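**Student:** Have a look at this one.
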Amino acid sequence: MKRLWKNIAIFIVLIGLVTGITFPVNAAEGTDDNSDSINEKLGVPIVVYGDTLSDDQKREVRELLEVSDPDAVEEYSVTGQDIANYINGDPNSRMYSSAKITREEKGEGLTINIVTPANITEVTNEMYANALLTAGVEDATVDVASPVKVSGHSALTGIYKAYDVQGEDLDKERMELANEELDVATDLAKKDGMSQEKVSELITDIKQEIADKNPASKEEVEQIVQDQLNKLDISLSEEDRQLLTNLFEKMRDLDIDFGKVKTQLEDIASTVKDKIDELGLDAGFWEKVGNFFKEFLQLIANFFKGLFD
């Protein structure tokens, strides 16, 4: 009988371990008692809803973005015409992804939270952060949500509109370039062997090198791009390499000073590398996974065998 209870205890511990390994994202992060407090210096959060949302979907997005009191935020809608105005997009676009922007104190940096990751299918937190830095957005917490599956591109327009209606001018050329950057990043992430994390790492590393070296010619930009591809062991077609070079050459032409946001770029780089490490995106990753479950299943088999021995 003692042996039976010992085996049962071991089985319960094993189940606890597997549950803990499989579902760490469900852990509670605690409650912020100041979440409803209005910052009188920086103003209330701004929420921009996709214009295509139905009334029910808009209510759902409000809940997702934790807008419990509409009077405690400023609310706007973003339309297809806004996409045309801000980034030369299609005025007939259907707008679902929405965003809440909370301005932060200078030096706090950018924090991006994709509240519905299953419904934002192409753009990652780091891609948003990189694009927003290119557009000139700094020091803000941005929450993105959609009630349906979308690529995530249109949320950028809502963020730009939020700044515009608050009288904070963002350069239109930089906004268009940020959207082009997002297009390049999401296109590269669809290539064989290129994860979203790897693309974010590449884009961020190139920006850091541009900040450090301040290239004076297209040839120097091209060399930085190639050096980073080599460093990260990424092989791209000539066409894709040219896309990257052209993108960063435009950034050089616009004289975007990435040195100003170097700390934020370092934060993005650190986050991306942590994600890559957590995912175990190395050559032996799947072998490790296979070995773990092989050993685990053997432990389960031994447990049940022990019950009847």
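The values are calculated or read from the model by the stated rules, or taken from the named source; none is laboratory data. None of the values given here were measured: they were computed from a predicted structure. Here the Cβ positions follow ideal geometry from the backbone for every residue, glycine too, while neighbour counts run over all protein chains shown. Calculation scope for accessible area: heavy atoms of the full protein, side chains included, ligands and nucleic acids excluded. Shrake-Rupley method; radii C 1.70, N 1.55, O 1.52, S 1.80 Å.
**Student:** For A84 and E238, calculate 0.36 nm times their separation in residues minus their Cα-Cα distance, and state this gained length in nm to one decimal. Display every interim value, and only then the final one.
**Tutor:** Values: separation 154, 0.36 × 154 = 55.44 nm, distance 3.08 nm.
Here the answer is 52.4 nm.
**Student:** Moving on. Per-residue accessible area for D227 at 1.4 Å probe radius, Å² rounded to 10?
**Tutor:** For D227, solvent-accessible area is about 60 Å².
**Student:** To the nearest 10 square angstrom, how much accessible area does S54 have with a 1.4 angstrom probe?
**Tutor:** Probe radius 1.4 Å; accessible area of S54 about 50 Å².
**Student:** Where in segment 86-118 are there trypsin sites (Lys or Arg not before Pro) that are in a DSSP coil and have at most 11 other Cβ atoms within 10 angstrom of their Cβ?
**Tutor:** K106
**Student:** Going down the table (K149/K250; K231/K275; K190/K260; K100/K149), which pairs top 24 Å between alpha carbons?
**Tutor:** Correct reply: K149/K250; K190/K260.
**Student:** May I ask you to give the percent of accessible area on segment 114-226 that is carbon plus sulfur, with a probe radius of 1.4 Å?
**Tutor:** C and S fraction of accessible area: 41 percent.
**Student:** Stretched out fully, how many nm does the piece from D183 to D171 gain, at 0.36 nm a residue minus the Cα gap?
**Tutor:** Gain in length upon complete extension: 2.5 nm.
**Student:** List the residues, sorted by chain then number, that are 5 or more residues from I114 or on another chain and whose placed amide H is less than 5 Å from its amide H.
**Tutor:** Answer set, sorted by chain and number: V144.
**Student:** Label-point separation (nm) for S54 and D255, each offset 7 Å from Cα along Cα-to-Cβ?
**Tutor:** With each label placed 7 Å out from Cα toward Cβ, I get 5.1 nm.
**Student:** Further question on the same structure: Expressed as a fraction of 2.2 N^0.38 Å, the rule-of-thumb size for a compact globular protein of N residues, what is the C-alpha radius of gyration of segment 111-216?
**Tutor:** 1.08
**Student:** Might you work out the accessible area of T157 for me, using a 1.4 Å probe with all protein chains in place, and round it to the nearest 10 Å²?
**Tutor:** Only protein atoms counted, so the area is about 0 Å².
**Student:** If you rank E220, E197, E181 by how much accessible surface each has, with a 1.4 Å probe, what is the order from largest down?
**Tutor:** The ordering from most to least exposed comes out as E220, E197, E181.
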